[in-house]
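Only one structure is covered here, and it is reproduced in the block below.
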Amino acid sequence: MERITMDDSRGTSGGDYRIGIEEEYFVVEAESKGALRRMPPSFWDRAKSELGPSVTGEMLQSQIEVMTRPHADTSAARDELRGLRRTLGKIAQDHDLAFFASGTHPTASWQGAKRTPTQRYDGLMHDLQMLGERNLLCGMHVHVELPDPDQRIDVMRRILPYLPVFVALATSSPFWESKRTGLMGYRLAAYDELPRTGLPELFETAKDYNDYIEALVAARAIRDSSYVWWAIRPSQKHPTLELRAPDSCTRLEDSIAIATLYRALVRHLVRDPKRNASVDAVDRAIATENKWRAQRYGIHGSFVDRHAKQAVPVAQAVEMLIDMVSEDAAALDSLDELLQLRTILNGGTSADVQIAVYQEAAHRTGNRNEALRAVKTWLAHASAQ
């Protein structure tokens, strides 16, 4: 039986809404930028030696994940994440490797990927079959502590209408297996093939959620709540509500801006329990539609607005959120990081840059493979900045 509990080792009431950020990366060959099939033991051993518990493997050996400690100060979270990227980049360079942060690898083929040999991943592969093999995808996860862990289910329900905004701002997966997908964020289209993904159900209370987990565990459908992979979920290990919707952000400042928005929004919803208190099945259905629109068009699309009864441009939706949570961001001493969202709106997401790099190189060289190589080169360079 898996229940939501406070992890006393974290040692805080959650009143400062501490934040932790996890990023998944592709490990690639330095020259070709092709995804690894097997993780070199020497690279992995040194990464563990230097980064300790801040680095973990992923289900496939071409991927690696870094995670910050919990921080009350956004600038400290940024500094640690920058340090993790720099250290990982130096270790990779010493092994003729590199890494980059994006939702998909532009040219990698999932048929060539090798799983990481652990008991958990062996079990997942047995359960998921080909869907697990296709999981050549990288995301960003943002944890925010709440004052009371039991508030997480209520906030998870009331935050649903806003989740497509995070998808749009983080799009970094316009390519899949050397092809333009036509989507700005293809990652979730592939990821949502897995069970227990997408938007969460409309649970009213922590008891409702616990009853759901207990039923699945009792039926041996899952071992515990860590096998629930929604776009947002209560963390099993920590007293946090974990955002899982965004693609892995290529640029560090994009990661921090999106994480800041999420943190401020969680604080806002905790402090204003009437906000979205009446979220219902219609709102969830519209959020599902808007999530698709975010995947398809990124920041250039529009969202269905039930109350305005019209389409609202994504940029306008982002500005409305900035307005709504700016006082919360200021209280968390992270207003500048929140306003960095406008840089994404003005300059484009990683997906926008990848497509622009591809088009320029394709026009210049007339060679699609060279254009894809240029995209991978930009990803590796921008991820390491």
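The values are calculated or read from the model by the stated rules, or taken from the named source; none is laboratory data. Keep in mind that this is a model prediction, so the values were computed, not measured. In this analysis, Cβ positions are derived from the backbone assuming ideal geometry, glycine residues included, and neighbour counts consider all displayed protein chains.
Answer yes if at least one residue in region 357-366 is touching a residue at least 24 places away in the same chain (Cβ under 8 Å) and part of a helix (DSSP H, G or I), and no otherwise.
Narrowing region 357-366 to residues touching a residue at least 24 places away in the same chain (Cβ under 8 Å): 358.
Then keep just the ones that are part of a helix (DSSP H, G or I); that gives 358.
Within region 357-366 (the criterion being touching a residue at least 24 places away in the same chain (Cβ under 8 Å) and part of a helix (DSSP H, G or I)), the answer is yes, since at least one residue qualifies.
Please indicate, with yes or no, whether at least one residue in region 311-322 is within 30 Å of Glu31 (Cα to Cα), buried (at least 16 other Cβ atoms within 10 Å of the Cβ) and under 25 Å from the mean Cα position of the chain (by Cα).
Pass one, region 311-322, residues within 30 Å of Glu31 (Cα to Cα): none.
No, every residue in region 311-322 fails to be within 30 Å of Glu31 (Cα to Cα), buried (at least 16 other Cβ atoms within 10 Å of the Cβ) and under 25 Å from the mean Cα position of the chain (by Cα).
Just one of the numbered conditions (1) modelled with pLDDT under 95; (2) touching an Asp or Glu at 6+ places or on another chain (Cβ under 9 Å) is not true of Ala317; which one?
(1)
Every residue, every condition in (1) hydroxyl-bearing (Ser, Thr, Tyr); (2) over 22 Å from Thr250 (Cα atoms); (3) touching a residue at least 24 places away in the same chain (Cβ under 8 Å), yes or no:
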residue: Thr181; (1), (2), (3): yes, no, no
residue: Arg187; (1), (2), (3): no, no, yes
residue: Pro200; (1), (2), (3): no, yes, yes
residue: Val228; (1), (2), (3): no, yes, yes
residue: Pro234; (1), (2), (3): no, yes, yes
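Right, Leu269: surrounded by 22 or more Cβ atoms within 10 Å (Cβ to Cβ), under 18 Å from Thr68 (Cα atoms), modelled with pLDDT of 95 or more and not acidic (Asp, Glu) or not?
Numbers: surrounded by 22 or more Cβ atoms within 10 Å (Cβ to Cβ): yes; under 18 Å from Thr68 (Cα atoms): no; modelled with pLDDT of 95 or more: yes; not acidic (Asp, Glu): yes.
No; evaluated as a whole, the condition is false for this residue.
Name the single residue, out of those in region 183-197 being among the charged types (D, E, K, R) and in a loop (DSSP other than H, G, I, E, B), that is nearest to Trp292 (Cα to Cα). Please lay out each step first, then the result.
Of region 183-197, the ones among the charged types (D, E, K, R) are 187, 192-193, 196.
Okay, now just the ones that are also in a loop (DSSP other than H, G, I, E, B), so 192-193, 196.
Working: Asp192: 11, Glu193: 14, Arg196: 17 Å.
Checked region 183-197; the qualifying residue nearest to Trp292 (Cα to Cα) is Asp192.
Where the second residue is of a type in the set (Ser, Thr, Tyr) and part of a helix (DSSP H, G or I) and the first is under 16 Å from Glu145 (Cβ atoms) and lies in region 252-267, which pairs have Cβ atoms under 6 Å and are six or more apart or on separate chains?
Thr260/Thr74
What number of residues within region 203-236 satisfy the criterion of being touching a Leu at 6+ places or on another chain (Cβ under 9 Å) and closer than 20 Å to Ala287 by Cα?
7
Answer yes if at least one residue in region 330-340 is surrounded by 16 or more Cβ atoms within 10 Å (Cβ to Cβ) and either of a type in the set (S, T, N, Q) or in a strand (DSSP E or B) (or both), and no otherwise.
yes
Sort out which residues of region 101-123 are modelled with pLDDT under 70 and either in contact with a Gly (Cβ under 6 Å, 6 or more places away or on another chain) or in a loop (DSSP other than H, G, I, E, B) (or both), and write them in order of number.
Ala113, Lys114, Thr116, Pro117, Thr118, listed by residue number.
Of the residues that make up region 82-97, is at least one small (Gly, Ala, Ser), surrounded by 21 or more Cβ atoms within 10 Å (Cβ to Cβ) and under 19 Å from the mean Cα position of the chain (by Cα)? Walk me through it before giving the result.
Applying the first criterion (small (Gly, Ala, Ser)) to region 82-97 yields 83, 89, 92.
Then drop every residue that is not surrounded by 21 or more Cβ atoms within 10 Å (Cβ to Cβ), which leaves 92.
This time we only want the ones that are under 19 Å from the mean Cα position of the chain (by Cα), so: none.
Scanning region 82-97, I find no residue that is small (Gly, Ala, Ser), surrounded by 21 or more Cβ atoms within 10 Å (Cβ to Cβ) and under 19 Å from the mean Cα position of the chain (by Cα), so the answer is no.
Considering only residues that are among the small types (Gly, Ala, Ser) and free of Cβ contacts under 8 Å to residues at least 40 places away in the same chain, look in region 367-385 and name the one that is surrounded by the fewest Cβ atoms within 10 Å (Cβ to Cβ).
Result: Ala371.
Ser326 versus (1) surrounded by 15 or more Cβ atoms within 10 Å (Cβ to Cβ); (2) of a type outside the set (Val, Ile, Thr); (3) touching a strand residue (DSSP E or B) at 6+ places or on another chain (Cβ under 9 Å): which is the lone unmet condition?
Result: Ser326 fails condition (3) only.
Only one of Gly348, Gly298 is modelled with pLDDT of 95 or more, surrounded by fewer than 22 Cβ atoms within 10 Å (Cβ to Cβ) and at positive phi. Can you tell me which? Talk me through it step by step, then tell me what you get.
Details: Gly298 fails: surrounded by fewer than 22 Cβ atoms within 10 Å (Cβ to Cβ).
Just a single option satisfies the conditions, and that option is Gly348.
Can you tell me which residues in region 269-315 are in a loop (DSSP other than H, G, I, E, B), over 23 Å from Pro149 (Cα atoms) and without any contact (Cβ under 8 Å) to a residue 24 or more places away in the chain? Spell out how you get there, then give the answer.
Going through region 269-315, the residues in a loop (DSSP other than H, G, I, E, B) turn out to be 272-280, 301, 306-309.
Now narrow it down to the ones that are over 23 Å from Pro149 (Cα atoms): 301, 306-309.
Answer for region 269-315, where residues must be in a loop (DSSP other than H, G, I, E, B), over 23 Å from Pro149 (Cα atoms) and without any contact (Cβ under 8 Å) to a residue 24 or more places away in the chain: His307, Ala308, Lys309.
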